[in-house]
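Asks: Below is the structure I would like to discuss, written out as structure tokens.
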Amino acid sequence: MAEKAEKAISHPEVYFHVGLGKVASKYLQFSVFPKFKNIHYIPTRSFYRCIPEIRKGKYPSYLVSREFDNQFEREVRKFAEEFPDAHPILLLRRHDDWIASQYRRAAKNGFTAPFSEFTDLEKNTGRFNRESLDFYGKIMLLEQLYSHRPLVLIYDDLLQDRWAFLDKIAAYCNASYDRKDIPVKAKHTSYTEKQIRFMQWLSKFIPFKNPNYSKTGIIKFFQRIPVMLYRYSILYTAIIIPKKWLVKGPLIPPEELAKIREATKEDWEKCLHFAANH
């Protein structure tokens, strides 16, 4: 006799990690969330098909992870239309520290313009403008769209006490994990300023824009291999390049970061207060 099919769960609990990028997202997605017990984790590579998977109701609870930056409002609104009762999880990093990390990533990937063109809060131009740095506004948007109060965590707390940080996420998701299963090393290591400088210099002559990859995971994986090998061979070649050959001065002027920190001071204090009073 054929086994009876499991009854679908009509209203599973959904936990939605929404970012931000460059706030330990890769570490959580690859090293932590897959180790959570008592919850079904849908990895970021499967985000595009998470809605129909959750609708099947095969598991009583789901954890979805996908970091958003400039796409934040569009994507959290879209997800809220399907799952307004989801539990949002938002990780934040102090504005100036966060934007500096974003710039280093962009420069590593071939962005050649100076930091002042990457973000300029006075002119409100660049890849990240004032709206992008309105972190407290993102918290309020999550409160507006979802019926559950978002869990807001601060990146510095992860650096200070990894286990207390992860315990908060696990408790919020009604999940558990074994500490021995969680690596303490970050998923991606940072590159030196010299490596990034070399990539920026070379990118002026050789464009490194990502091609239009397939949405199919295995095809995308093989498409990325030659691009990644080429890019990282350049980054590691930079180790032997004399520093004096490259542009002098800091990659990111400290005074520019100081301006951002001062301009976002009030916003950051609101975020810290919200996170501390969860």
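Read-outs throughout are calculated quantities, based only on the coordinates presented, and are distinct from any laboratory measurement. The model shown is predicted, which means the values in this text are computed figures rather than measured ones. All Cβ positions, even for glycine, are placed from backbone atoms using ideal geometry, and neighbour counts span all protein chains on display.
Asks: Please identify the GluC sites (Glu not before Pro) of region 71-140 that satisfy two criteria: DSSP loop assignment and at most 11 other Cβ atoms within 10 Å. Which are they? Walk me through the numbers before you get to the answer.
Replies: Values: sites: GLU73, GLU75, GLU81, GLU82, GLU117, GLU122, GLU131; in loops: GLU122, GLU131.
Taking region 71-140 and a limit of 11 other Cβ atoms within 10 Å, the loop GluC sites (Glu not before Pro) found are GLU122.
Asks: By what distance, in whole Å, do the Cα atoms of region 57-177 stretch along each of the three principal axes, largest value first?
Replies: Computed over region 57-177, the largest-to-smallest principal extents equal 48, 34, 24 Å.
Asks: Follow-up question, since we're still on this one. Could you calculate the contour length gain from ASP161 to GLU266, that is, 0.36 nm times the residue separation minus the distance between their Cα atoms, to one decimal place in nm?
Replies: Roughly 35.3 nm would be gained on extension.
Asks: Of the cross-linked pairs LYS56/LYS180; LYS138/LYS168; LYS22/LYS168; LYS78/LYS138; LYS185/LYS270; LYS35/LYS168, which ones have a Cα-Cα span greater than 22 Å in the structure shown? Mind dumping the intermediate values first?
Replies: On the way: LYS56/LYS180 32 Å; LYS138/LYS168 20 Å; LYS22/LYS168 20 Å; LYS78/LYS138 15 Å; LYS185/LYS270 30 Å; LYS35/LYS168 15 Å.
In this structure, LYS56/LYS180; LYS185/LYS270 lie more than 22 Å apart at Cα.
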